[in-house]
1. When the Kirkwood radius is taken over all Cα pairs of segment 37-123, what Stokes-Einstein diffusion coefficient follows at 20 °C and 1.002 mPa s, in µm²/s?
2. Based on the mean of other beta carbon atoms within 10 Å per residue, what is the order of 79-88, 40-49, most packed first?
3. Report the extension gain between residue 45 and residue 80 in nm, rounded to one decimal, defined as 0.36 nm multiplied by the number of residues separating them, less their alpha carbon distance.
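Bear in mind that the values in this text are calculations on the coordinates, not laboratory data. On a predicted model such as this, the values are computed, not experimentally measured, just so you know. We place every Cβ from the backbone using ideal geometry, glycine too, and count neighbours over all the protein chains shown.
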């Protein structure tokens, strides 16, 4: 009988751990509310121009599929407009986007490196 109580207690603790881990993971996952404009730094992982998509990777190695449309603008570091054919995997970019219908839609994609100062401002000071 004692073994049954121990097994039951162990099972209860295990279930509690699984539930709390799942809840913490959901809470940690940030979603962008519909219509809210965001600006984030990414590394371009994959270019899918025929599908009007980019697969982007955050410095934290989280990937995001970014959709493009006819209003999306691709810019150089200096702000000059560039053709989408100049987009390459491995480039570092700042993307201003909005969440629409469950999809991340790029408004502007600007080439540029992440400086140490920017890194600290975005990831360590807040």
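1. On the way: Rh = 13.0 Å.
Rounded to a whole number, D works out at 165 µm²/s.
2. Values: 79-88: 10.8, 40-49: 16.2.
The packing order, highest mean first, is 40-49, 79-88.
3. 10.3 nm
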